[in-house]
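Laboratory data are not the source of any read-out in this text; all were calculated from the coordinates shown. In this text the structure is predicted, and so the values were computed from the model without any measurement. Don't worry about glycine lacking a Cβ; one is built from the backbone with ideal geometry, like all the others, and counts go over all protein chains shown.
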Amino acid sequence: MSDPDVAIVGVGLHPFGRYPGKSAMEMGEDAVYEALTDAGVKWEDVEALYAGSMEVKNPEGIVGLLGQTGVPGRAVFTGCATGATSLAMAANAIRLGDADVAIAIGLDKHPRGAFSDDPSVSGLPLWYGQAGLFLTTHFFGMKINRYMHDHGITSATLAKVAAKAFRNGAQTHHAWRRKPLTEDEILNSQVLNYPLTQYMYCGPNEGAAAAVLVRADQARQYTDTPVYIRASTLRSRREGAFELLSPSFGLDIVPGPTVEASREAYELAGIGPGTAFVKALAHARLFYTFIKSPTFGQWVFSPGATFGIGTTLDNGAGSELPLYERFFPGGVGGQGDVRGYQLYSLGPQVLLLNQFGAPQSIEDIGGSKELLLNGEITFPILSGLGIRGVVFADAGQAYRLSDSITVASLQASYGIGIRWRSPFGPIAVDVARPINPRPQDQSNVFEIGGGAPL
């Protein structure tokens with residue numbers, strides 16, 4: 001794996017949606033200030049700016065709102081890859097020594113309806129547009145039909161993917177679509193281009209994003225949680241690739257540009273899909289009603305246990321999972337993890353040293369196996385409104401493959417919460433406190449989540 005030389009230390013995101021009377025530039029300004037605040041950087045410290053947009057012809061003009069400091073500003077446009085290109089160019093400016101602090105910005109204010117244009121601007125014949133092929137909704141319908149045929153998937157699978165996206169959006173305050181939808185609601189919505197229905201598409205909207213980048217060796221001067229950039233690549237299509245701008249099939253179909261760009265990025269980063277692994281997770285939960293009366297209602301005891309284990313296969317079984325696949329059992333949310341601890345915590349840790357060899361921070365690196373134990377008692381509070389209370393205790397830990405699992409190694413917590421079967425879906429509110437925290441563990445956690453079992 002290659003050593004990173006660039007890191008993201010601050011991000012800003014203007015919520016997506018529709019904002020009459022607010023320009024794309026103004027949304028971009030908000031995103032930039034949020035990113036600068038997140039990084040603890042002043043606008044005057046930024047030494048390079050890259051801004052991309054589809055609807056705004058001169059997005060680098062955002063400096064007129066941010067302050068005219070003389071910072072070099074460059075506009076970027078590579079279609080749907082514009083955001084990634086802005087980020088890659090900002091990273092390259094740092095790699096080349098043009099800047100120590102750079103910022104990448106994306107902003108747009110799309111009109112309603114599907115994307116379309118004159119096909120001649122993309123080197124395509126006029127008939128391609130007249131036949132309706134230069135319309136994104138039409139193309140996506142054509143492409144998914146072929147994908148379903150080649151890989152044997154059904155419309156039900158597409159609905160599952162869309163339902164997951166809506167669930168994620170419901171828990172993300174920046175998202176445009178924040179109402180969860182069931183798979184049946186998605187399948188039964190209006191068909192736009194068979195087999196794709198209305199809620200399998202994401203309509204164009206408005207929003208902005210910004211990221212502050214610095215040299216990797218300086219990243220921890222700005223944040224304890226930098227995101228390192230190891231590779232970013234861009235490829236155009238080859239003859240025979242089935243893509244939006246391909247008016248017909250060739251006799252020999254070749255992989256699309258996404259495949260080639262991904263391969264190169266993984267190669268540059270020194271990781272990739274060649275890192276084969278296997279991962280298994282077993283979960284069991286029982287429900288026992290121990291009180292059921294007209295006076296006290298229904299009281300349910302629910303114990304649960306989860307065991308997970310995984311290993312890479314490149315050099316034979318026995319190697320630790322890749323970092324992005326490891327178990328991090330800490331976190332609030334009522335989904336079987338150890339509530340009362342910070343999200344993505346617990347398990348093996350490493351001590352990071354600064355450039356002078358002195359201890360700087362402790363990082364959680366996750367484990368290749370985990371054990372979780374949980375017990376809950378739920379009871380009625382306002383039965384008519386579907387509101388129940390809960391008291392719970394959790395215990396768990398993640399381990400290296402070579403580590404032994406012992407009772408003494410488990411970290412535990414206890415807490416109380418509320419479960420509400422709301423019109424918008426299940427809502428969980430938990431307050432938890434660790435029983436045996438380590439010095440760096442957060443001692444009290446409060447969180448609102450969704451999807452908890454009721």
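Some observations on this one:
- In range of the label at residue 324: residues from region 369-406 whose backbone nitrogen is under 13 Å from the point 7 Å along Cα→Cβ: none
- Positive-pole candidate from 63, 270, 166, dipole of the chain, charges at beta carbon: 166
- The Cα trace of region 122-199 gives Rg and Dmax of 15.1, 44 Å, the first to one decimal, the second as a whole number.
- CD proxy at 222 nm, helix term only [per DSSP H run n ≥ 4: -39500 (n - 2.57); per residue of the chain; nearest 500]: -6000 deg cm²/dmol
- Taken about its Cα centre, region 73-227 carries a charge dipole of about 240 debye when Lys and Arg each add +1 at the Cβ and Asp and Glu each add -1 at the Cβ.
- Rounded to the nearest 0.05, the FRET efficiency derived from the C-beta distance between residue 68 and residue 267 at R0 = 41 Å is 0.50.
- Relative packing of 140-151, 364-375, which averages over residues the other C-beta atoms within 10 Å, highest first: 364-375, 140-151
- Prolate/oblate/rounded label for region 69-198 (Cα gyration tensor, a/c 1.5): oblate
- Proxy reagent accessibility, fewest Cβ within 10 Å first, across 413, 86, 232: 232, 413, 86
- Each eigenvalue of the Cα gyration tensor of region 48-87, multiplied by 5 and square-rooted, gives one semi-axis; in descending order these are 19, 11, 6 Å.
- Other-chain or far-sequence residues with amide H under 5 Å of residue 228's (modelled H): 8
- Which listed pairs, of 109/179; 57/179; 164/279; 160/279; 22/42, have C-alpha distances above 27 Å, in listed order: 57/179
- Theoretical gain in end-to-end length, residue 436 to residue 44 [0.36 nm per residue, Cα-Cα removed]: 136.6 nm
- Whole-angstrom gap from region 158-175 to region 1-62, using each part's C-alpha centre: 24 Å
- Region 56-125: proportion of alpha-carbon pairs further apart than 19 angstrom, %: 48 percent
- Simple spin-label estimate for residue 276 and residue 130 gives 5.2 nm between the two label positions (7 Å along the Cα-to-Cβ direction from each Cα).
- With all pairs of separate Cα atoms included, the chain yields a Kirkwood hydrodynamic radius of 25.6 Å.
- The stretch between residue 23 and residue 351 holds 113.5 nm of extra length on full extension. This uses 0.36 nm per residue minus the Cα-Cα distance.
- Modelled this way, with points 7 Å down the Cα-to-C-beta line, the labels at residue 224 and residue 391 are 3.2 nm from one another.
- Euclidean distance between Cα centres, region 391-422 to region 283-316, Å: 12 Å
- Peptides 288-299, 159-170 ranked from most to least packed, by the mean per-residue count of other Cβ atoms within 10 Å: 159-170, 288-299.
- Point-to-point label distance, residue 342-residue 238, nm (Cα→Cβ direction, 7 Å offset): 4.5 nm
- Residue (of 106, 85, 375) at the positive-pole extreme of the chain, dipole from beta-carbon charges: 375
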